[in-house]
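Every read-out reported here was derived from the displayed coordinates using simple, explicitly stated rules and does not represent laboratory data. Treat the numbers as computed from the prediction; the structure is a model and nothing was measured. As a convention, Cβ positions derive from the backbone with ideal geometry for all residues, glycine included, and neighbour counts pool all protein chains shown.
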Number of protein chains: 2
Amino acid sequence: MISSHIKEKLQSGSLIRKMFEEGNKRKAIYGAENVFDFSIGNPDLEPPKEVKDALKAIVEEDVPGGHGYMSNSGYEATRAAIAKKRSEESSVTVDAGAVCMTVGAAAAMNDVFHSILDQGDEVILLAPFFMEYNNYIDNHGGVPVIVQTDDKFMPDVDAIIAAVTPKTKAIVINSPNNPSGVVYSEELLKSLNAALLKCDHVIHVISDEPYIELAYDGIKVPSALDCFDNLIICYSWSKALSLPGERIGYTLVSPKHADYEDLTAAIVLSNRTLGSVNAPAIWQKVVERALYAKVDVPNYEHRRNLLYANIVESGFEAVKPNGALYIFMKTPNGLSDSEFGEICAKHNLLLVPGASFSRPGYCRLAFCVSEQTIINSRKAFEAVAAELGLK
Amino acid sequence: MISSHIKEKLQSGSLIRKMFEEGNKRKAIYGAENVFDFSIGNPDLEPPKEVKDALKAIVEEDVPGGHGYMSNSGYEATRAAIAKKRSEESSVTVDAGAVCMTVGAAAAMNDVFHSILDQGDEVILLAPFFMEYNNYIDNHGGVPVIVQTDDKFMPDVDAIIAAVTPKTKAIVINSPNNPSGVVYSEELLKSLNAALLKCDHVIHVISDEPYIELAYDGIKVPSALDCFDNLIICYSWSKALSLPGERIGYTLVSPKHADYEDLTAAIVLSNRTLGSVNAPAIWQKVVERALYAKVDVPNYEHRRNLLYANIVESGFEAVKPNGALYIFMKTPNGLSDSEFGEICAKHNLLLVPGASFSRPGYCRLAFCVSEQTIINSRKAFEAVAAELGLK
């Protein structure tokens, strides 16, 4: 009585959610302080003061009609403020018409795929990637085409172009990357753009950007607007302002996009008909007022340093991430993801297998957990390393 | 570069939205007080005091993690409170597991259709109906099958059963109805349920209930839980609490549903993967605290009375609605929707043609506009009636 495609997905389930539940079970048995759950990327920092002040002020002002419908694309003032900020941060001038407010980046991506995909159209994904992309593409009749990145998780432009077929409709870029935390350089992105523009038809570049505010080591994440022509940005404040439960984000189409007019209209239509109708009114107003605020990024950087030290000093291998909330660690001794995961779980160390991100031989650790948990986990890393004879 | 199905929809556009823009244009020319825009169902009453108090209290309490992720189905406490209320209002006992919090009823319906429809599956719609149903069904590969109601807009059980085929997956019930405002009786709904249960396969009954709190003349809207077995409720607080811009609602699967376990899991999965991820955290908490509150329903009833009087006393025909926010008026003198619409527009009277609800020969008027607008519009109704020689 349920659809066949959902039946399949129900059977496979979301591994990350399963890990989350496993973590809760283990916490109940061993005590929360003895379980090191690095499996879920739930930002644990509080929203910055600017967000809380804006929320309080908006509630107190209590403007009549403030909870009513607005245009499906969102409040004009919010969209204009975003366009202004994006214009300041790049060499491209964007106006409010480019922006559609969405229920977070997940809804943004569904809106975009619904707008561009016909049955059987292909979307290139660069592995490792956030596994929900598979669902977002499949929801709208598309087919993911996976291209592996190199051993530093950097995209290979030639490999991407080799994967292009007449059915290729789009490519997804996610930098800082989930799960690897790497940041792609401006040079790399510009060379990818040049290569895509040489293809026989337009290929949309979908830049999924929930982590662009979370960069470390003084690195500046290049503006996708500077790098790509046929660009659609999917943004979320879930991580930048620690508001993942509130569902607020946007799409932004580059004014350089070859199909700007139809595409901006199509995304607004999809936003309406896929059921969001519009992004939550109150959060549109909050993000407008707190647009230049950020969560405590140095705190995340500090925790990345601690977790990275745990990993490499215990004898494991990982590329040091320059952004996002994750370290993508190599499984040692040629162990499979599941063999390694089981050994880690015995020591109450919970990770997500790399296969979930279409990159077996690795596992993902999220460092948006308390500093104390990271510090306490050191003994678990060392115990696993000892069991495997790494040191 | 956009998908072919979206291209088609962009060309047809949303007529209601177009009327809305036409209304704004006319207001700029003739002055807001001289334009009688009954085209859009944007609830203009403020949310009740309980909602505003709850919102303020939640913001002031500022519980740590209050804006973070929760289960994709929503907060357990909110879902339990809804289940308790629904159990009190019917003879069926519901628990929290039946409920999934959603981004309003539109997202709820998309979640449900995504969960149940395979390509080519049919969904029975009772005309007149909210035209967005067509999109919600089409989004997930389904095909709407339209069955007309009688001249009082009441469903005909035999006609519905005659439309059932092996591909029929569901039927949508919307009472109080948009656009007719009629309320279906418990007897009618129970006879429909009995007939559906005699079919060769399970047919989901999707009860779209944004208007169940808005009933007039002392009428009690029957609980769908009492009437149907294979029931999925799609609820929204957009109208009951005047929060349409905030996007908060839920799905509820009857414990009597033949596929309860799979279906509740499928809906949560769809809620995640279609991009809502979860309903906005703050609004889940607000509706939990203000669950028994309602907007000023007598105010809407008063305006319905005024608008209905304008219509029938000017010489037009309409079934008096017992609920929702609309009057579905017959076009006079056998005029087509568009002929009549043009005459009305000349007098700055803006309505939505019945064809938009798959019921030509009628037009919809929304009475969620100010009392003064309704009073002022009397002269426009009389002018149109005079032009058409109705009196």
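General observations
- The radius of gyration of the Cα set in the stretch B:1-61, together with its Dmax, comes out at 18.9, 49 angstrom.
- Peptide B:131-138, shielding by other chains (average Cβ, 10 Å cutoff): 2
- From the largest down, the stretch B:314-391 spans 29, 28, 19 angstrom on the principal axes of its Cα atoms.
- Over every Cα atom in the stretch B:226-361, the radius of gyration and the widest Cα-Cα span, Dmax, amount to 20.1, 55 Å.
- Coarse-grained scattering of the stretch A:1-119 at q = 0.12, 0.16, 0.19, 0.22 Å⁻¹, given as base-10 log I(q)/I(0) from a Debye sum over alpha-carbon atoms: -0.87, -1.10, -1.15, -1.28
- Shielding of peptide B:54-67 by partners, expressed as the average count of other chain Cβ atoms within 10 Å per residue Cβ, is 4.
- Restricting the calculation to alpha carbons of the stretch B:147-210 gives Rg and Dmax of 11.6, 32 angstrom.
- Label reach from B:N333 (point 7 Å along Cα→C-beta): in the stretch B:343-380, amide nitrogens under 15 Å belong to B:343-347.
- For the stretch B:72-229: relative contact order, % (alpha-carbon pairs under 8 angstrom, 6 or more apart): 21
- Kirkwood analysis of the protein assembly as shown, using all unique Cα-Cα pairs, places the hydrodynamic radius at 27.4 Å.
- Once both labels are positioned 7 Å from their Cα atoms along Cα-to-Cβ, the gap between A:N299 and B:V312 label points is 6.3 nm.
- Gyration tensor over the Cα atoms of the stretch A:252-297: the corresponding equivalent ellipsoid has semi-axes (square roots of 5 times the eigenvalues, largest first) of 26, 17, 8 Å.
- Using alpha-carbon coordinates, inclination of helix A:76-88 to the longest axis of chain A, degrees: 70
- Reciprocal of mean inverse Cα separation for the stretch B:167-273 (Kirkwood radius, Å): 14.8
- Local electrostatic count at A:E122 - Lys and Arg +1, Asp and Glu -1, tallied over other residues with Cβ under 15 Å: -2
- Computed over chain B: relative contact order in percent, which uses C-alpha pairs under 8 Å that are six or more apart: 24
- Neighbours of B:A162 by Cβ distance under 15 Å: Lys/Arg scored +1, Asp/Glu scored -1, total -3.
- When peptides B:241-250, B:164-173, B:338-347, B:320-329 are sorted by average Cβ neighbour count within 10 Å, with the highest value leading, the order is B:241-250, B:320-329, B:164-173, B:338-347.
- For the stretch A:274-352: Kirkwood Rh in Å [reciprocal of mean 1/r, alpha carbons]: 16.0
- Angle in degrees between helix B:186-197 and the longest Cα principal axis of chain B, rounded to the nearest 10: 60
- Sites A:A80 and B:K25 - FRET efficiency at Förster radius 35 Å, r taken between beta-carbons, to 0.05: 0.95
- Calculated log₁₀ intensity ratio I(q)/I(0) where the Debye formula runs over C-alpha points of the stretch B:66-151, q = 0.12, 0.13, 0.17 Å⁻¹: -0.52, -0.60, -0.88
- Sequence-ordered 3J(HN,Hα) estimates for the stretch A:304-318 from the Karplus curve with 6.51, -1.76 and 1.60 and θ = phi - 60° stand at 4, 4, 5, 5, 4, 4, 3, 5, 6, 6, 7, x, 8, 10, 7 Hz, glycine and proline given as x.
- Computed over neighbours whose Cβ is under 12 Å from that of B:Y216, the net charge equals +1, Lys and Arg +1, Asp and Glu -1.
- Base-10 log of normalised Debye intensity for the stretch B:175-221 (one unit scatterer per alpha-carbon) at q = 0.19, 0.20, 0.21 Å⁻¹: -0.69, -0.74, -0.79
- Computed FRET value (nearest 0.05) for A:D259 with A:S71, which takes r as the C-beta separation and R₀ as 25 Å: 0.75
- Computed from Cα positions, the angle between helix B:337-346 and the longest principal axis of chain B comes to roughly 60 degrees.
- Computed over the stretch A:257-391: relative contact order in percent, which uses C-alpha pairs under 8 Å that are six or more apart: 22
- Reported to the nearest whole Å, the Cα centre-to-centre distance from the stretch A:315-369 to the stretch B:147-206 is 53.
- Pairwise FRET efficiency - A:D118 versus A:Q11, Cβ, R0 = 30 Å, nearest 0.05: 0.65
- Counting, for every residue in B:110-122, the Cβ atoms of other protein chains within 10 Å of its Cβ and taking the mean gives 3.
- Size-normalised alpha-carbon gyration radius of the stretch B:49-289, reference 2.2 N^0.38 Å: 0.99
- The charge dipole of chain B, taken about its Cα centre with unit charges on the Cβ of Lys, Arg, Asp and Glu (plus for the first two, minus for the last two), comes to roughly 700 debye.
- Expected 222 nm ellipticity per residue - DSSP helices of 4 or more, -39500 (n - 2.57), all of chain A, to 500: -12500 deg cm²/dmol
- DSSP-defined antiparallel bridges as percent of all bridges, chain A, nearest 5: 45
- Considering only beta bridges that DSSP places wholly inside the protein assembly as shown, some 45 percent are antiparallel.
- The phi torsions of the stretch A:49-57, fed into the Karplus equation with coefficients 6.51, -1.76 and 1.60 and a -60° offset, translate into couplings of 4, 4, 5, 5, 5, 5, 4, 4, 5 Hz, rounded to whole numbers, with Gly and Pro shown as x.
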